[in-house]
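Asks: Have a look at the structure that comes next, please.
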Amino acid sequence: METVDGSLGERRARREVRLAQLLYTFWGTGRTQYLDAAISADFKDNTLPAGRPQSPAGPVFASKNFRAAVPDLTCELSDLLVTGDKITARIVLRGHFTGTFDGVQGKGRKVEFNAIDIQHVGKDKIIEDWHIEGQPDPARPARGRAMTTDGLPPPGC
């Protein structure tokens, strides 16, 4: 479902919707040409997980590592709100844990989790974001680490 602020003007609204589509196509495919088209070279992640590089290298790093565990990862853009220079999205990521993560070999179990992202759009591309993924893992409350249904951290974590 898509909701766009009517005061934006048709051209700007289409551009921001397209940036969201490109970004989440990257998350669904892992193909960096979609990421390159969506985010600026100066992109900043305001909720950067430990160990993940800042800049456009961060999403590439997260995608590559998560896809090593969940090679069939897909991304559904379920809800999109475009207001001013902000894009808010609810996405659902799905796949099967058939790869390896943290030394654990997957056994094909289903992985599915929601994420909420807020993207700040600059002149032409997304310049920064904030995100929250998955649900807290009850086995790791002290770490506060977001986890998928299979015990894997989501791509952003």
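Asks: Helix-derived [θ] at 222 nm for the chain: sum -39500 (n - 2.57) over DSSP H runs of at least 4, divide by residue count, nearest 500?
Replies: On the way: 3 runs with 40 residues, N = 157.
After summing the helix terms and dividing by the residues of the chain, the value is -8000 deg cm²/dmol.
Asks: If you take every residue apart from Lys64 with its C-beta less than 14 Å away from the C-beta of Lys64, what net charge results, scoring Lys and Arg +1 and Asp and Glu -1?
Replies: Here the charged neighbours net out to +3.
Asks: If one takes the longest principal axis of the Cα atoms in the chain, at what angle in degrees, from 0 to 90 and to the nearest 10, does the Cα axis of helix 57-69 lie?
Replies: 40 degrees
Asks: Calculate what fraction, in whole %, of the accessible area of the chain sits on carbon and sulfur atoms when a 1.4 Å probe is rolled over the protein chains.
Replies: Values: 4430 of 8230 Å².
Result for the chain: 54 percent of the exposed heavy-atom area is carbon or sulfur.
Asks: Counting only C-alpha contacts under 8 Å and six or more residues apart, can you give the relative contact order of the chain as a whole percent?
Replies: Working: 322 pairs, mean separation 33.8, N = 157.
Across the chain, relative contact order equals 22 percent.
Asks: Right, another one. In 5 Å bins starting at 0, how do the alpha-carbon pair distances of the chain split up by percent?
Replies: 2, 10, 19, 23, 20, 14, 8, 4, 2, 0, 0
Asks: Which of the peptides 68-76, 96-104 is most tightly packed, and how do the rest follow, judged by the mean count of other Cβ atoms within 10 Å per residue? If you can, show how the numbers build up before the last one.
Replies: Numbers: 68-76: 17.3, 96-104: 14.4.
Descending mean neighbour count gives 68-76, 96-104.
Asks: Next question. How far, in degrees from 0 to 90, does helix 10-29 lean away from the longest principal axis of the Cα atoms of the chain, to the nearest 10?
Replies: 20 degrees
Asks: Here is a follow-up. State the Kirkwood hydrodynamic radius of the stretch 58-126 in Å, one decimal place, computed from all pairs of distinct Cα atoms.
Replies: Working: mean 1/r = 0.0740 Å⁻¹.
Kirkwood radius, the stretch 58-126: 13.5 Å.
Asks: Something else now. Quick check: net charge around Arg90, other residues with Cβ under 10 Å of its Cβ, Lys/Arg +1 and Asp/Glu -1? Please list the in-between numbers first.
Replies: Working: positive: none; negative: Glu76, Asp79, Asp117.
For residues surrounding Arg90, the net value is -3.
The values are calculated or read from the model by the stated rules, or taken from the named source; none is laboratory data. Only a predicted model underlies this, so the values are computations on that prediction, with no experimental measurement involved. Backbone-built Cβ (ideal geometry, glycine too); neighbour counts: all protein chains shown. Ligands, DNA and RNA are stripped out before the accessible areas are found, and what is left, the full protein with its side chains, is counted by its heavy atoms. Shrake-Rupley method; radii C 1.70, N 1.55, O 1.52, S 1.80 Å.
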